[in-house]
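The values are calculated or read from the model by the stated rules, or taken from the named source; none is laboratory data. Keep in mind it's a predicted model, so treat the numbers as computed, not measured. Methodologically, a virtual Cβ is constructed for each residue, glycine included, from the backbone with ideal geometry; neighbour enumeration extends over all protein chains shown.
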Amino acid sequence: MTPIRAAILTVSDRCSRGQALDTSGPALATMLRDRLNVEIALTACLPDERTELSRQLREWATATPTPDLILTTGGTGLAPRDVTPEATLDVIERRHHGLMELIRRRCYEKTPRTYLSRGEAGTIGRTLIINLPGSQRGATESLEALLDILPHAIETLRGEVQDDGRPEARSITGRVVHHGDRS
């Protein structure tokens, strides 16, 4: 598999003004590099401004080369200025509720506050966007909840996997995934 290319967008008024240090963005980058050998292609820190966030997400998702994955960190809570989910919904073409459900399910044991995050996930073309909480702990625990499935999700989105449980399936793109749970 070609290495995953990722972009990380930190959403924070204070960090964007230089009044606080971004710890979640660098922690996510380290985790992606160390655990999945991901190439971090782009990073930015922006204030909680819906139009600016939407513009950045769209710009990254249509850049050449296109990142496979865009993670946002911050702006997913209930505060009046938390608008990352809305900015994401402005640009995604297909929502993917299951990824956020998986994060909440897997993180619940550590903190029931996981259900306070309003994060969204979805795709623009062949780029997957996932909103994560802004705290370093919340962001990394949420990403941890997805690490086992992200490579397959990216391969599938790229069109590199024919995800097919039929025993007679033949590869079109070089890879067929046979599911042991099907008869």
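Looking at the stretch 154-171, which of the residues that are among the hydrophobic types (A, V, I, L, M, F, W, C) and more than 19 Å from D34 (Cβ to Cβ) is modelled with the highest pLDDT? Explain how you work it out, then say what you get.
In the first step, residues of the stretch 154-171 are kept if they are among the hydrophobic types (A, V, I, L, M, F, W, C); the result is 154, 157, 161, 169.
Now drop any that are not more than 19 Å from D34 (Cβ to Cβ), which leaves 157, 161, 169.
Working: L157: 94, V161: 78, A169: 58.
That would be L157.
A Cβ distance below 7 Å, combined with a sequence gap of six or more or placement on separate chains, defines the contacts here; from the stretch 5-33, residues that are over 14 Å from E141 (Cα atoms) reach residues that are in a strand (DSSP E or B) and among the small types (G, A, S) in the pairs R5/A41; A6/A41; A7/A41; L9/A44. When T66 is tested against the conditions (1) touching a Phe, Trp or Tyr at 6+ places or on another chain (Cβ under 9 Å); (2) hydroxyl-bearing (S, T, Y); (3) without any contact (Cβ under 8 Å) to a residue 12 or more places away in the chain; (4) within 30 Å of T2 (Cα to Cα), the lone failure is (3). Of all residues in the stretch 97-152, exactly one satisfies the criterion of being surrounded by 17 or more Cβ atoms within 10 Å (Cβ to Cβ), hydrophobic (A, V, I, L, M, F, W, C) and over 20 Å from S24 (Cβ atoms), namely I124.
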